[in-house]
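One structure is given here, and the rest of the page talks about it.
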Amino acid sequence: MTPCPLVRVVILTLISCHVMLYAQDSHQSVSSLKQYIGQMPADLLKQEPKIQERLQKLLGKDYQRLEERFAYGVPIEMFGDVLILRGEKPYMPGNPKAVVGIGLFTNKIHCALVEKNGRDIYSEDPKRIPNEFNKFIIINDKRAQEEAEKRKKAELENADKK
């Protein structure tokens, strides 16, 4: 038995209104994350429990690795249309890092946990990781490599002076 045309119109209207409201709510909540630019990642997670829950779900048991790195966070920044949260564990071999990108237009979270010998990538939408997120990781990797080379060079120069 098929519903009459009026019932179908009402059902479709209710569904489309619900989808529009959900899209507006998620867009408003995600775009409001811009207010955290310049603040620390741990502050955003404390004040935005839904983001924290999504990260916990995304990372599972590896969420603790993220928390450890965010203890030494860097101020939140924008890179293109992606809000970037990052942290690192200084003074640890390989200087482990975490980079989280939140797409402001896609409302998707992407995360990279970087170790000395590679990185683990987590994404709510693995087929659509924003180019900005990937570029940021590459730039960050290059910076880290350049800094390591400078330190090594300085150590060699100091050893030569002795």
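The values are calculated or read from the model by the stated rules, or taken from the named source; none is laboratory data. Predicted model only: the values in this text are computed from it and were never measured. As a convention, Cβ positions derive from the backbone with ideal geometry for all residues, glycine included, and neighbour counts pool all protein chains shown.
Scanning the stretch 90-109 for residues that are closer than 18 Å to Glu146 by Cα and in a loop (DSSP other than H, G, I, E, B) yields Pro90, Tyr91, Met92, Pro93, Gly94, Asn95, Pro96.
Taken together, the criteria exclude Lys89 from residues that are farther than 15 Å from Gln52 by Cα and under 13 Å from the mean Cα position of the chain (by Cα). Among the residues of this structure, Ala112 counts as one that is free of Cβ contacts under 8 Å to residues at least 40 places away in the same chain, out of contact with any Cys (no Cβ under 9 Å at 6 or more places or on another chain) and not in a loop (DSSP other than H, G, I, E, B).
Filtering the stretch 101-123 for residues that are closer than 19 Å to Leu44 by Cβ and among the basic types (Lys, Arg) leaves a non-empty set. Exactly one residue out of Asp160, Asp125 is touching a residue at least 12 places away in the same chain (Cβ under 8 Å) and out of contact with any helix residue (DSSP H, G or I) (no Cβ under 6 Å at 6 or more places or on another chain): that is Asp125. Picking from residues in the stretch 84-102 that are in contact (Cβ under 8 Å) with a residue 24 or more places away in the chain and surrounded by fewer than 22 Cβ atoms within 10 Å (Cβ to Cβ), the one that is nearest to Asn134 (Cα to Cα) is Pro96. Is it the case that Ile109 is more than 17 Å from Ile139 (Cα to Cα), at pLDDT 90 or above and surrounded by 17 or more Cβ atoms within 10 Å (Cβ to Cβ)? Answer is yes for this residue. Scanning the stretch 122-152 for residues that are in a loop (DSSP other than H, G, I, E, B) and not β-branched (Val, Ile, Thr) yields a count of 3.
Filtered by the rule that a residue be within 18 Å of Phe79 (Cβ to Cβ) and exposed (fewer than 11 other Cβ atoms within 10 Å of the Cβ), the stretch 132-162 gives Ile138, Lys142, Arg143. The listed residues are Leu21, Leu33, and the only one of them that is part of a helix (DSSP H, G or I), at pLDDT below 90, at negative phi and touching a strand residue (DSSP E or B) at 6+ places or on another chain (Cβ under 6 Å) turns out to be Leu33. Residue-level analysis places Arg119 among those that are among the charged types (D, E, K, R), part of a strand (DSSP E or B) and either at pLDDT 85 or above or surrounded by 13 or more Cβ atoms within 10 Å (Cβ to Cβ) (or both).
Every condition in (1) surrounded by fewer than 18 Cβ atoms within 10 Å (Cβ to Cβ); (2) touching a strand residue (DSSP E or B) at 6+ places or on another chain (Cβ under 9 Å); (3) free of Cβ contacts under 8 Å to residues at least 60 places away in the same chain; (4) at negative phi holds for Leu55 except the one numbered (1).
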